[in-house]
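Novice: Dropping the structure in here first, questions after.
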Amino acid sequence: MIAPTVSGQAAPDWDRFAQWRLWPARLALLALILLLVASALVPIRGGKTTVKTQGFVENVAGTKGAERKRDDDLALYDVAIARISKGENYYDFIAQEHRKADYPVRPGLAVRLPTLAYLDAWLGLPGQIAAALVLLAATMLAWWRRLGEDPGGRKKRVLAMAFLFVGTSLGLNRYFFVLHELWSGMLLALAFGLHRPGRKWGWALAATALAVAIREQALPFILLMAAMAFWRRDTKEGVAWAGLAVVFLGFLAWHLSIVAGLAQPGDRTGASWMALRGLSGWLSNVALSSNLRFLPHWLAGPALILMVFGWTGWKSPAGTFGTFLYLGYGLAFMIIGRPDNYYWGAMIAPAMFLGLAFMPQALSSLTRAAFPKVIA
């Protein structure tokens, strides 16, 4: 209908133009449905290689343990920790151990940073168990407080904490205590919970610094923190996060320079990480390195999509940061990483489960936006 104006001329039918604003919401809803269907169908798979080694307890603590199947990567880290425990320097033996295991020495990133090996050797198994318990408790407490400070989070507090425990409880599995991504991912979950934009970020910065010192894949977390701080025009915080990135890059350059000096002409060069696995890469990395691995793949895939979608339903700085963080890592996993790199997903899996608590309101909001006259 064309409504008359005071001057008697016809005014445009704004209701009709308003209908166009519904289409972005409807397209987004359609995209979500298609993504859920695709995530139930695409394969979820990772590397299957294992090596027979002495049990975890013997390698780390020096006590006898039964033989067991041990992933190749974990077996290599076991040896590194055992040799450091005997007083050896990491860089004196790590290239040699890579050659023994037929692991690449090139590129330098194929050789892990030494931080976790030294920490694990210093802590021993009892210390690692205690550290895992403390880290889990600190992460749960940090998120309990953060959820309680936000009106939207307070309403979902108990449910969100239950999902968070499902995501973080993998950190108590001692079989994976030598895995860099396990500790780095848990530290990022702690840092995320501790962070208060523009107000309290010092402890979050410290936790992230340890996370990135263990595994360089925490760097995108730092860069996103810096970018969002500058977007808020919080120069002080933005400079702090940017400064951490610069310091870490210096540390990484030092590590790579040492590894380059250890390389020999006949050393194996690792295959490219540009695997372009698409949706399967994203789902596989997170599902196989989290407690989603206990679900059939046709449930694990959609659950992962819904937990990421749920972060869009939390209208808060945490919801915005989580949405960008998990979508960004998801895109990276689609492009970079071979099937045997599936454990990279542990970098983001722990706190990602929180999104399931906000999924119902995200879905309700999107559905009402797409069909406002049908759903009151």
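The values are calculated or read from the model by the stated rules, or taken from the named source; none is laboratory data. Every value quoted in this text rests on a predicted model; they were computed, and no experiment measured them. We place every Cβ from the backbone using ideal geometry, glycine too, and count neighbours over all the protein chains shown.
Novice: For segment 80-128, what are the residues that are of a type in the set (V, I, T) and either farther than 19 Å from E181 by Cα or over 22 Å from the mean Cα position of the chain (by Cα) (or both)?
Specialist: Answer for segment 80-128, where residues must be of a type in the set (V, I, T) and either farther than 19 Å from E181 by Cα or over 22 Å from the mean Cα position of the chain (by Cα) (or both): I81, I84, I94, V105.
Novice: Which one of G301, G322 is touching a Phe, Trp or Tyr at 6+ places or on another chain (Cβ under 8 Å) and assigned to a helix (DSSP H, G or I)?
Specialist: G322
Novice: Find all pairs meeting these conditions: Cβ atoms under 6 angstrom apart; at least six residues apart or on different chains; first residue within segment 242-261 and closer than 12 Å to A213 by Cα and touching a residue at least 12 places away in the same chain (Cβ under 8 Å); second residue among the aliphatic types (A, V, I, L, M) and part of a helix (DSSP H, G or I).
Specialist: The qualifying pairs are L244/A209; L244/I222; A245/I222; F248/V212.
Novice: Something else: Would you point out which residue out of V308, V286 is over 27 Å from L109 (Cα atoms) and part of a helix (DSSP H, G or I)?
Specialist: Checking each option against the conditions leaves just V308.
Novice: Just to check your reading of the model, which residue among L325, L354, L366 is over 14 Å from the mean Cα position of the chain (by Cα) and either within 16 Å of M307 (Cβ to Cβ) or of a type outside the set (A, V, I, L, M) (or both)? Lay out the reasoning, then the answer.
Specialist: Numbers: L325 fails: over 14 Å from the mean Cα position of the chain (by Cα); L354 fails: over 14 Å from the mean Cα position of the chain (by Cα).
On inspection, the qualifying residue turns out to be L366.
Novice: Scanning for something more than 12 Å from the chain's Cα centre (by Cα) and basic (K, R), does segment 199-211 turn up at least one residue?
Specialist: Yes, some residue in segment 199-211 is more than 12 Å from the chain's Cα centre (by Cα) and basic (K, R).
Novice: Give the residues of segment 335-374 that are within 22 Å of K155 (Cβ to Cβ), among the aliphatic types (A, V, I, L, M) and either in contact with a Lys or Arg (Cβ under 7 Å, 6 or more places away or on another chain) or at pLDDT below 95 (or both), sorted by residue number.
Specialist: Passing the criteria: A357, A362, L363, L366, A369.
Novice: Something else: Kindly indicate whether S280 is in a helix (DSSP H, G or I), farther than 26 Å from L210 by Cα and polar (S, T, N, Q).
Specialist: Answer is yes for this residue.
Novice: Would you check which residues across segment 99-109 are touching a residue at least 24 places away in the same chain (Cβ under 8 Å), in a helix (DSSP H, G or I) and closer than 15 Å to A75 by Cα and list them?
Specialist: Matches in segment 99-109: R99 only.
Novice: Scan segment 203-218 and report the pairs whose first residue is in a helix (DSSP H, G or I) and whose second residue is crowded, with 19+ Cβ neighbours inside 10 Å and of a type in the set (D, E, K, R), with Cβ atoms within less than 8 Å and a gap of 6+ or a chain change.
Specialist: As it stands, the answer is Q217/E181, since those pairs meet every condition given.
Novice: Which residue is surrounded by the most Cβ atoms within 10 Å (Cβ to Cβ), if the candidates are limited to segment 163-184 and must be without any contact (Cβ under 8 Å) to a residue 60 or more places away in the chain and hydrophobic (A, V, I, L, M, F, W, C)?
Specialist: F165
Novice: The conditions are (1) modelled with pLDDT under 95; (2) closer than 30 Å to A253 by Cα; (3) surrounded by fewer than 17 Cβ atoms within 10 Å (Cβ to Cβ), and K155 fails exactly one of them. Which is it?
Specialist: Failed condition: (2).
Novice: Another question, then. Does A80 qualify as being at pLDDT 95 or above, surrounded by 21 or more Cβ atoms within 10 Å (Cβ to Cβ), farther than 30 Å from G193 by Cβ and small (G, A, S)?
Specialist: Here the answer is yes, as A80 does meet what is asked.
Novice: For segment 243-269, name all the residues that are among the small types (G, A, S), part of a helix (DSSP H, G or I) and either over 21 Å from G322 (Cβ atoms) or modelled with pLDDT under 95 (or both).
Specialist: Answer for segment 243-269, where residues must be among the small types (G, A, S), part of a helix (DSSP H, G or I) and either over 21 Å from G322 (Cβ atoms) or modelled with pLDDT under 95 (or both): G243, G250, A253, S257, A260, G261.
Novice: How many residues are within 21 Å of the chain's Cα centre (by Cα) and exposed (fewer than 13 other Cβ atoms within 10 Å of the Cβ) when one looks only at segment 247-284?
Specialist: Here the count works out to 2.
Novice: Quick one: count up the residues across segment 335-353 that are part of a helix (DSSP H, G or I) and surrounded by fewer than 18 Cβ atoms within 10 Å (Cβ to Cβ).
Specialist: Number satisfying all stated conditions: 3.
Novice: On the basis of being at pLDDT 95 or above, of a type outside the set (K, R) and over 30 Å from P339 (Cβ atoms), does A142 make the cut? Write out each step before concluding.
Specialist: Numbers: at pLDDT 95 or above: yes; of a type outside the set (K, R): yes; over 30 Å from P339 (Cβ atoms): yes.
So A142 passes the test.
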